[in-house]
Amino acid sequence: MYLTALLAAPFAAALLACFGSGRDGAAATRLALVLALAIAALGVPLVTCLTAPGAVEHAWFSLAGTGAVVQFSLASDGLTAWLIQLVTFLVPVGLLASRDQVGERMREFAVAVLVMEGLMIGALLSRDLVLFYLCFEGMLIPMVVLMALFGGTDRRGAALQFFLYTMLGSVGLLVAIWYIAQTLQTTSLTELMDSRMLATLSSGEQVALFAAFALAFAVKVPLAPFHGWQARAYAECPTGAVVLLSGAMAKLGTYGLIRFVLPLFPELSAEYANLFIILGLVSVIAGALMAWAATDVKRLIAFSSLSHLGLVVVGIFTFSDLALKGAAVQMVAHGISVAALFVLVGALESRALKRGIDDFGGLAGRAPILATLFIGAALASAALPGTANFAGEFLLLMGVFQPRQWWIAAIAGLSTILTAVYLLRLVQRWFYGPRRADLAVLPDLGVREVVTVAPLLALSLFFGFYPKPISDQAGTVASRLGAEARRVASGAPAPVAVVETKDAHAAR
Amino acid sequence: MYPLWLIPVLPLVGFIVNGLLSLGSAGSKRGPSRGFVAALAVAMPLLAFLVTIGATAHIWNGPTTLPIQTYWEWLPIGKGLGFGLQFDRLTALMLLFITGIGTLIHLYSVGYMREDRGFARFMAYLNLFMASMIILVLGDSLPVTFLGWEGVGLCSYLLIGFWHQDHANNDAARKAFVINRIGDLGFLLGAFCLYLAMGKDASLRYVDIADFFQGDAGKALASTPLIVAACALLFLGCTGKSAQLPLLTWLPDAMAGPTPVSALIHAATMVTSGVYLAARLSDVFVLAPAVMTAITLIGCATAVYGAIAGLVQWDIKKVLAYSTVSQLGFMFMAVGVGAFDVALYHVFTHAFFKATLFLGAGSVIHALHHEQDLRRMGGLTKVLPLTYSSMVFGWFAIIGMPLGSGFMSKDLILERLWAAPDMFGVQVGKLVCVVALITALLTAIYMSRLMYYVFWSPSRVPAEVKAHAHEAPFVMSAPVLLLSFGSMVAGAMWFGAVPQINAFELWLRPVVEHAQGATALVASADPHAAAAEPHDHSALAWAIAGCSIAVAFFGWLIAHLLFRRGPKESEPRPLSGFAAAWTSGLDRIYDLVIAKPLAALAWIVARVIDQALLTGVLRGIGEVSGFLGEGYVALQRSRLRISVTLSLLGAVVVVAYLLMPVLSKAA
């Protein structure tokens, strides 16, 4: 019941927001903000309650042409719970950060954001493939609307490209789910996981299904070479949307890898692990290098995201306990730090209407609060110890580091150096150096902007010193979901229990 | 439970309050009340010093360490890694001089930076540095130390680039951070190697590491690839922070920061953290003799490099910076032969005399209105009597004049080098000892050169500057005098030639005796060393002391002959010829071999591969889908949504077609 309410809340809020003022941007912002904060509050018990909320499951509709009955199946565990916190927390941040850019059309903006929030929560809660797919793909619609209506000068092209690219990436997922429904007569994730029914399919079928799932999530993360949409979309997005896109939606890609790919295809995950590790490493290094060469700062942050999430993918496909815990922590940590960076870039862009790396200089003297918060966010992004990103990266690198595969951690570790190179370059160009006459009128951050960013940095510090809630709750779940793949990869014999369920299923 | 947490938290509070004051007063013309800022910024390290004294009193007699205090669980490593603080004799020693000298330098900074608009920000950064440095030596595990380790790197970055209007300073700051990050990656990977090596009882806490590697299971791992890798990588971390070859080029550039920063961070405290780490992990390092030999050789090479570079500089701070590099090399020579206590003793004495010299140089610079060039100094003895007398003591100590603290510690290093066992059949220790003696001679020459050019040669100070030159205010001269006093008496703590006076050695014995015992065992296994050592020990000690004194006087004599008349050229101009090549040669090599190719690679990846390949592919996909969607171009102009839907349909068809074989096989 609680989970249904949590899923319904953003849609109800979106409906309510429709009745807000279409002319008074401030009023619409206030209304949307109150609603978003209420939803965030509603989600908090997910991580604070000791007992998991009761799962919801009832038959929904039968999938035409197959024997499968789609379940309306919702459940929450530590991983889902923490990513929902990330989503519900970033929505108010995104709303507040967009006030200046969106202006009086805040009502439409808020409705789209709230619908997107609902769909993201749905994707995280659902334990049925069809329900998941509906939410996962549905997210794109409000996102494209936000991008195309409120974005920068190249918004139409970027929105179209983003839509096509991600849609094309996950259309295979649709076919795969349909195929599973037809052959195995079920779309329930729990059932598929427990019974290991996918293992009964031929290896060719399994590979095709695995590829379809993995591709959909790899595009979403994104993982090189599927990152073609990313920089352009991030650059053209309005601030509020890019906060959600980079901070939360990208995490659904890594979430999907952990939630679906590892437990449904443990053997294939182990078999193709090196492919994903190499693609992850390419993302890590190429992303960092491209961020170094970037001149548009939103693109710079996009490439840095590519780099940091590439490390998460590397960690996921080493299957080690520590790396999966680190991946869980890093997903939340990166969501926080990248959101802070984008909000601050957005604040500067709304003042000066530009965001190139050479467009500013000497801002530390003129806007010290902006400078301080930006440097703080950059340091968090560079995983300085004491920030949540450090906890994540430390666990990831440590989990990835194995004697026989030491080179993986060594290459991935280079990102810590490269991150410092490109972020400090940006900090120096924008904030240090002589004051520039052309920037004489550039007000420092206002109260609203400080209130938007400061909590993000405070959270990053908090989880930097106390990542235990995330690593215990989300990390343990992630580690459990990767346990089977870990076992296969290490070559250990299958535990007896699994064999029994397989037999039981065959008998049934 | 003794409140150890107060030691880092006190300066942290200073940082937060002064930092907020600085931010809050950004709009005002003059900034927050200087009196309040100064009082808070100096009081916090002072209180931390007092709390440290209290803690030291607890371990003065009786147990050699306070119980480890774990405050909360930090990282889910092993059985759960706590955020803990550990106070043993090594930590006590480090903390006493970090907070003690730190407080004096804070006091000095109040005078030095008083007129600067960013005074509150400066003091806040200094306090943050103190907190980080304290965490570094107080942490009970490698990750907690790493928190301080990167924290001091951050503060170093912020303080080198403190005057950030000038991009030269910012470049130096960025260089320091990036080079330190290279070392930091070594630290992390080294820690991971250690963790793996320890097997099922793996932990990153120092007590567990010491227990394991002192035990048989740990000793069995000696010279295995994992241990060698661990030590080599951890030492890479040390070379970054402690400016050893090959990662030393950031330290001379770091002199771009205000002088108190150079004294506190880039001479007395932060740069010695590599030696601290080596001593903390001494039980591991002794298990990799190959790495230990490499450490000695790298330390030796660094010492020579720094001494020669110090000889040709004209910037007073650069002379001292290269001198620091050189002295750090001496410390690592000692580390490499397993003389961890001696290395730490040199850390300790160096902290005093180098802080004295830097702060003295700061007073000179202050008096001459930010003139740093030796060619425009001279004859300042009468103008700056207090600064002069302080610096004489510092000079006395560093060149190794008898009974100065530098003599005591350097002499011990030479002695241990000479007595070191053969490594891989070569008498590395004796060779290095000879080179170290030559380096000591160079040290005496370049430091005397500095003294001659600043004080003992005819004045070359422009008249209008000289008219305004004045002795530093009391808040600046008092700390320097106290430190110069310290650089004399610090030598009294361990007089190597007289066996009874070795309080310092006894104090550190519980921490390093096991590791040093291990190297001694190796020594006694060698029949020659075992036979040779006992009977001529004290004769050897006196012989080395004699050489070292002779070298100091000889170096002074050479400097007297060469430099007493002042430099030939009096107009500042950039370094040229050998001096320039020696000083910036490494930079040029790194630039050519690493920085430039990497930047080119970044450009190629971003502009060529990514743009051409991926965007090209993407456009291809878009056009195919558009073609399938019919009328793509027309529709894109009219309605995005229809266009998107049609393109989507096209995409579905493509994928369905691609999956057809699989589907037909299943059906």
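Every read-out reported here was derived from the displayed coordinates using simple, explicitly stated rules and does not represent laboratory data. Remember, predicted model here, so these are calculated numbers, not experimental data. Positions of Cβ are backbone-derived with ideal geometry, glycine not excepted, and every protein chain shown enters the neighbour counts.
So here's what we get for this one:
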read-out: Set of lysines with alpha-carbon distance to B:Lys219 below 19 Å, sequence-local pairs under 8 removed; value: B:Lys200
read-out: Number of Lys pairs (Cα under 26 Å; 8 or more positions apart or on different chains) in the stretch B:307-573; value: 16
read-out: Order of B:Arg565, B:Arg205 under a 10 Å beta carbon neighbour criterion, fewest first; value: B:Arg565, B:Arg205
read-out: Estimated [θ] at 222 nm from DSSP helical runs (n ≥ 4, -39500 (n - 2.57)) normalised by residues in the protein assembly as shown, nearest 500; value: -23000 deg cm²/dmol
read-out: P(r) tail fraction, chain B - alpha-carbon pairs more than 40 Å apart, %; value: 35
read-out: Diffusion constant of the stretch A:96-190 at 25 °C, which comes from Stokes-Einstein with the Kirkwood Cα-pair radius and 0.890 mPa s, µm²/s; value: 166
read-out: Alpha-carbon centroid distance for the pair the stretch A:93-149 / the stretch A:456-484, whole angstrom; value: 25
read-out: Surrounding net charge for B:Phe119, when Lys and Arg each add one and Asp and Glu each subtract one, Cβ distance under 12 Å; value: +3
read-out: Space enclosed by the convex hull of the alpha-carbon atoms of the stretch B:307-573, per residue, Å³; value: 118
read-out: For the stretch B:25-149, Kirkwood radius (reciprocal of mean inverse C-alpha pair distance, Å); value: 16.1
read-out: 0 to 90° range, to nearest 10: angle between helix B:428-451 axis and chain B longest Cα axis; value: 80
read-out: Cleavage-rule hits (trypsin sites (Lys or Arg not before Pro)) in the stretch A:352-401: DSSP loop, at most 12 neighbouring Cβ within 10 angstrom; value: A:Lys354
read-out: Residue order, fewest to most beta carbons within 10 Å, for B:Asp201, A:Asp359, B:Asp140; value: B:Asp201, A:Asp359, B:Asp140
read-out: Footprinting exposure proxy for B:Leu450, B:Leu23 (fewest neighbouring C-beta atoms within 10 Å first); value: B:Leu23, B:Leu450
read-out: Lysine pairs meeting the criterion (Cα under 16 Å, 8 or more apart or interchain), as found in the stretch A:2-507; value: 4
read-out: Between the stretch B:355-392 and the stretch A:310-386, the alpha-carbon center distance in angstrom; value: 44
read-out: Inter-centroid distance (Cα atoms) of the stretch A:206-228 relative to the stretch B:174-200, Å; value: 32
read-out: R0 of 41 Å, Cβ-Cβ distance B:Leu506-A:Phe462: FRET efficiency to nearest 0.05; value: 0.40
read-out: Largest-first ellipsoid semi-axes for the stretch B:167-255, taking √(5λ) over the Cα gyration tensor eigenvalues, angstrom; value: 33, 11, 9
read-out: Principal-axis tilt of helix B:640-666 within chain B, Cα atoms, nearest 10 degrees; value: 90
read-out: Largest-first principal axis extents of the Cα set of the protein assembly as shown (Å); value: 99, 70, 55
